[in-house]
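S.K.: Let me give you the structure first, and then I'll get to my questions.
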Amino acid sequence: MTNSKGVQRRSLGGLFHRAATLALLTLMAAPAWADYALNLTQGVSEFSERVYGLHMLILWICVVIGVLVFGAMFVSMYLHRKSRGHEPAQFSHSTKAEIVWTVIPILILVGMAIPATNTLVYMHQTGDSDMTVKITGYQWKWKYDYIEDDVSFLSNLDSASNSARQLNSGIDPATVDDYLLNVDNRVVLPINTKVRFLITADDVIHAWWVPDFGWKRDAIPGFVNEAWVEIKEPGIYRGQCAELCGKDHGFMPIVVEAVSRPAYQAWVDEQKQEQLVAEQNVERDWSQEELVAHGQAVYEAQCAACHQLNGQGLAPAFPALAGSPVANGPTEDHIDVVVNGRPGTAMQAFGDTLNEADIAAALTYTRSAWGNKASDTIQPRDVRAAKRG
Amino acid sequence: MSTAETTHHDQDDHHDHGPAKGLSRWVFTTNHKDIGTLYLLFSLAMFFVGGAMALVIRAELFQPGLQVVEPDFFNQMTTMHALVMIFGAVMPAFVGLANWLVPMMVGAPDMALPRMNNWSFWILPFAFAMLLSTLFMESGGPAAGWTLYPPLSLQGGDSFAFVIFAIHLMGLSSIMGAINIVATILNMRAPKMNLLRMPLFVWTWLITAFLLIMVMPVLAGAVTMLLTDRYFGTSFFNAAGGGDPVMFQHIFWFFGHPEVYIMILPAFGIVSEIIPTFARKPLFGYVSMVYATASIAFLSFIVWAHHMFTTGMPLGGELFFMYATMVIAVPTGVKVFNWVATMWKGSMTFETPMLFAVGFVILFTIGGFSGLMLAIVPADFQYHDTYFVVAHFHYVLVTGAVFSIMAAAYYWLPKWTGNMYSETLGKWHFWLSVVTVNLLFFPQHFLGLAGMPRRIPDYSVQFAEFNMWSSIGGFAFGLTQLIFLYIVLKASFGKRTEQLPDRVWEGAKGLEWTVATPAPYHTFDEAPDFRDEDVAHGDVAH
């Protein structure tokens, strides 16, 4: 989907062009038109190219069989009509014909199965990887843990798309860059490196899919699936969750930025630096204003999908926070709900995904927003104490 | 049964056995024709209910951004659309056709178990009232997809219990209907009609009924486990409690894949009756048709995991399910080749039933092609859960199953009602349907290949144009079906203007064409004298 800018034209001329393209592709399934997002992408890995080759092979076989079978039907419908005075023959079987049209399809299928098997065996070779990234699906975001490099972050739908995608938002999606295919934090990966993914989920089943890599894999709670990619070209590759995972299933995109190895190393160093700063932020004292300001940003990114920007929630699954007994009650209980979640509901254990400063800020914001009167301060170290306690 | 002259107009001896008057006729009926009519009308109503939900979906997808509904309601619509169309429209339509036609085709006076037949039908309105009522409950209807995958399906509100109970009721209805059909076919055939002389529609329904009896209890088991996970603290599918969310998918698709064939085998039977009639030529390869149907039914039990290639199965599992799935192309191909060979050197006319039958063969085959592509595991890693899959199963279900049901309706409507439909309107209905349905579903192949996942309420702008075409096609297809509604209602309730012959179509074969038109309330009180030339496959020696 690297070509998305090229296909956003919506003018009349563009439509005619697309119609012509469509007609051509229908007739010839020509790979040259793949750029127009009519066909499967060839992708940027050895595997995705093999998948594309298989796809085109089977497509062509189907086209040829279709032309022969439908051709015979149309010839028959033209020649063997009562209105042309054709007298019906009375034959009702032919052992020879039936053997032919049983055996030939079997041979064609064997011809398809051999390259398909080879490609599948290749895909299953997850060993000898250079690095490992653990991917965890949450409703409705992804978490990435770089096992060797000790980098870890959440990736949400970007805020421009998020504003535009609200019901009757009044924002034209065409004006948003990479609408619904953009995130706040990109996955950065080095090229020409065998990256192994460990894919799982925390709540419901999701599926991690970047079409340019040639595969998708389900993220299942309680299971760890393996997959791998070796990216050939630097670039930005976009994908989406592919398994229905609740109301915001359509709004948890994936963006991978493939860079050279040195650039990757620089990115890792930068992430470490940021983590250091975050760590210091947990230790220090925050002012009420600081907490509320940061908390609002955290709330909008992490909490508003369910509890809504106005704190009113979405009954019955997602309770209102405005006026809620928890947000106006003792701080310990409020911290406990957010850190440990509520098992059996959609409320996640954010202690696993957000750092203590973010949680403390979001809590403080929640307790003073929308007329909530607790208006007390929760410090990051209070959250850390609760997490350890 | 001992004499040969009992086949024609035997209703004349039974004036006292007419239908009861008023509502009680329909509530208490044990007559296979009345029950068949109830099934067919119920299915027609559900076709429009499910269609209205599809139009909500297509309206939201008309352009990028959310304009019509919230995402959660969108998910309720996709879920309910599937449940209503599968269990409310397609399956009851085939059962209705079986009720009307199986006794008449095998020369039986009624179904073997008429009282159970009444119950099988009357469960359905209650089941669907319950299912549809969940849309008006506080927590809304089910929104986890018709496949009800946990853990997502367990997150919903308390309407979930109603959905499970409704599915149990539908399963009961299907199982009873299937038992009835098996009992009728195996016990009540006319003398001399041995199994390999039965019309192909009867054969396909016999096999379908066995599939139903085998898999509906599996679905009942799967949803019962969901119910106990949700309300009684079990952990069948909850990993945190030692359960396995993927096990649900295995159990579900062990039901679900045969279910797919439950919705297409009777269609094969219908088309195998209609094409010989309008080609005026015996069905080609009758015996191979029977064996191909049985092979497909057998294979349907060993391919279920091809719906789950991305769940991370071991290599050996993926290879087994890929090969087994590919093998299905062989018997399916035999069927398509046989239909073409039946048309070959015939003397064809193209009345509306034939148009729908030919449309079925071509468009179902396109759905078969994309099915073959989906079987290739590495390619499925790309296609899975995209609009390519949506296009695939709508080709086999709409231009497959639904087209065959419409072909059947046009073909037997004169026999059922005594009225011939307007051929002009029928042709308008066919041609508008075939153009709009392709506008609706063909671009979805491109959307899927270009990377649009299924079950999303909003999409990236690069998918905008094809979605707009698809939505226009959807609304046009939906409106076109009002022509069908008009035709059916006019034939059913309109004034009878002419007396149609017993054999309504020149080339029609089968015992149902030997009784009066419209078919009298009771037929074959005495078994008919069955002759080989009475069936569409003509010479049965082969």
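Per-residue answers, yes or no, for (1) part of a helix (DSSP H, G or I); (2) modelled with pLDDT under 95; (3) more than 14 Å from chain A (Cβ to nearest Cβ); (4) under 19 Å from the mean Cα position of the chain (by Cα):
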{"site": "B:163", "(1), (2), (3), (4)": "yes, no, yes, no"}
{"site": "B:181", "(1), (2), (3), (4)": "yes, no, yes, yes"}
{"site": "B:191", "(1), (2), (3), (4)": "no, yes, yes, no"}
{"site": "B:204", "(1), (2), (3), (4)": "yes, no, yes, yes"}
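S.K.: Moving to a separate point now. Does residue B:381 satisfy the criteria of being open to solvent by less than 20 Å² (accessible area, probe 1.4 Å), facing chain A (nearest Cβ under 8 Å) and in a helix (DSSP H, G or I)?
M.R.: Yes; evaluated as a whole, the condition is true for this residue.
S.K.: Suppose we filter B:490, B:495 for residues that are of a type outside the set (Ser, Thr, Tyr) and touching a residue at least 60 places away in the same chain (Cβ under 8 Å); which single one remains?
M.R.: B:490
S.K.: Of the numbered conditions (1) facing chain A (nearest Cβ under 9 Å); (2) surrounded by fewer than 20 Cβ atoms within 10 Å (Cβ to Cβ), residue B:318 satisfies every one except a single condition; which is it?
M.R.: Here residue B:318 meets the rest and fails (2).
S.K.: For the structure I just gave you, tell me whether residue A:250 is part of a helix (DSSP H, G or I) and within 14 Å of chain B (Cβ to nearest Cβ).
M.R.: Judged against the criteria, residue A:250 is a match.
S.K.: In the list A:304, A:293, A:386, A:362, which residue meets the criterion of being in a helix (DSSP H, G or I), farther than 30 Å from residue A:249 by Cβ and open to solvent by less than 60 Å² (accessible area, probe 1.4 Å)?
M.R.: A:386
S.K.: Still on this structure, I have one more. Looking only at region B:285-315, filter to residues that are farther than 24 Å from residue B:248 by Cβ and without any contact (Cβ under 8 Å) to a residue 60 or more places away in the chain; which one of those is farthest from the other protein chains (Cβ to nearest Cβ)?
M.R.: Here the answer is B:298.
S.K.: To continue, here is another question. Being closer than 29 Å to residue B:188 by Cα and of a type in the set (A, V, I, L, M, F, W, C) is true for just one of B:516, B:491. Which residue is that?
M.R.: Residue meeting the stated conditions: B:516.
S.K.: Another one. In region B:235-272, what count of residues is obtained for those that are of a type in the set (D, E, K, R) and either on the phi > 0 side of the Ramachandran plot or open to solvent by less than 10 Å² (accessible area, probe 1.4 Å) (or both)?
M.R.: 1
S.K.: Oh, and also: Take the residues in region B:135-152 that are part of a loop (DSSP other than H, G, I, E, B) and of a type in the set (Phe, Trp, Tyr), then tell me which one is surrounded by the most Cβ atoms within 10 Å (Cβ to Cβ).
M.R.: B:149
S.K.: Which residues, taken from region B:321-353, are among the β-branched types (Val, Ile, Thr), part of a loop (DSSP other than H, G, I, E, B) and more than 7 Å from chain A (Cβ to nearest Cβ)?
M.R.: If the condition is that a residue be among the β-branched types (Val, Ile, Thr), part of a loop (DSSP other than H, G, I, E, B) and more than 7 Å from chain A (Cβ to nearest Cβ), then B:328 is the only one that fits.
S.K.: Give the residues of region A:75-96 that are more than 7 Å from chain B (Cβ to nearest Cβ), assigned to a helix (DSSP H, G or I) and within 53 Å of the chain's Cα centre (by Cα), sorted by residue number.
M.R.: A:75, A:78, A:79, A:95, A:96
S.K.: Given the conditions (1) within 14 Å of the chain's Cα centre (by Cα); (2) in a helix (DSSP H, G or I); (3) surrounded by fewer than 22 Cβ atoms within 10 Å (Cβ to Cβ), and given that residue A:212 satisfies all but one, which numbered condition is not satisfied?
M.R.: So the condition that residue A:212 fails would be (3).
S.K.: Still on this structure, please answer the following. Just to be sure I understand, how many residues within region B:384-396 are among the hydroxyl-bearing types (Ser, Thr, Tyr) and open to solvent by less than 10 Å² (accessible area, probe 1.4 Å)?
M.R.: 2
S.K.: While we're looking at this one, here's another question. Among the candidates B:125, B:151, B:142, single out the residue that is more than 22 Å from residue B:54 (Cβ to Cβ) and in contact (Cβ under 8 Å) with a residue 40 or more places away in the chain.
M.R.: Going through B:125, B:151, B:142 in turn, the sole match is B:151.
S.K.: Here are some residues: B:403, B:442, B:446. Which one is open to solvent by 20 Å² or more (accessible area, probe 1.4 Å), out of contact with any Asp or Glu (no Cβ under 9 Å at 6 or more places or on another chain) and of a type in the set (Phe, Trp, Tyr)?
M.R.: Going through B:403, B:442, B:446 in turn, the sole match is B:442.
S.K.: Cβ contacts < 7 Å: first residue under 30 Å from residue B:241 (Cα atoms) and within 7 Å of chain B (Cβ to nearest Cβ), restricted to region A:200-215; second residue among the basic types (Lys, Arg) and open to solvent by 10 Å² or more (accessible area, probe 1.4 Å), any location; separation 6+ or different chain. Result?
M.R.: Here the result reads A:207/A:217, each pair linking region A:200-215 to a residue that is among the basic types (Lys, Arg) and open to solvent by 10 Å² or more (accessible area, probe 1.4 Å).
S.K.: Select from region A:164-176 the residues that are surrounded by 14 or more Cβ atoms within 10 Å (Cβ to Cβ) and either among the charged types (D, E, K, R) or more than 11 Å from chain B (Cβ to nearest Cβ) (or both) and list them in ascending order.
M.R.: Matches in region A:164-176: A:165 only.
S.K.: Still on this structure, please answer the following. For the subset of region B:26-51 comprising residues that are among the hydroxyl-bearing types (Ser, Thr, Tyr) and either open to solvent by 10 Å² or more (accessible area, probe 1.4 Å) or within 16 Å of the chain's Cα centre (by Cα) (or both), which member is nearest to residue B:128 (Cα to Cα)?
M.R.: B:43
S.K.: Residues in region A:125-140: is at least one assigned to a loop (DSSP other than H, G, I, E, B), open to solvent by 30 Å² or more (accessible area, probe 1.4 Å) and at the interface with another protein chain (Cβ under 7 Å from one of its Cβ atoms)?
M.R.: no
The values are calculated or read from the model by the stated rules, or taken from the named source; none is laboratory data. This is a predicted model, so every value here is computed, not measured. Positions of Cβ are generated from backbone atoms using ideal geometry, with glycine treated the same way; all protein chains shown enter the neighbour counts. We work out accessible area using only protein heavy atoms, side chains counted, and drop any ligands, DNA or RNA first. Shrake-Rupley method; radii C 1.70, N 1.55, O 1.52, S 1.80 Å.
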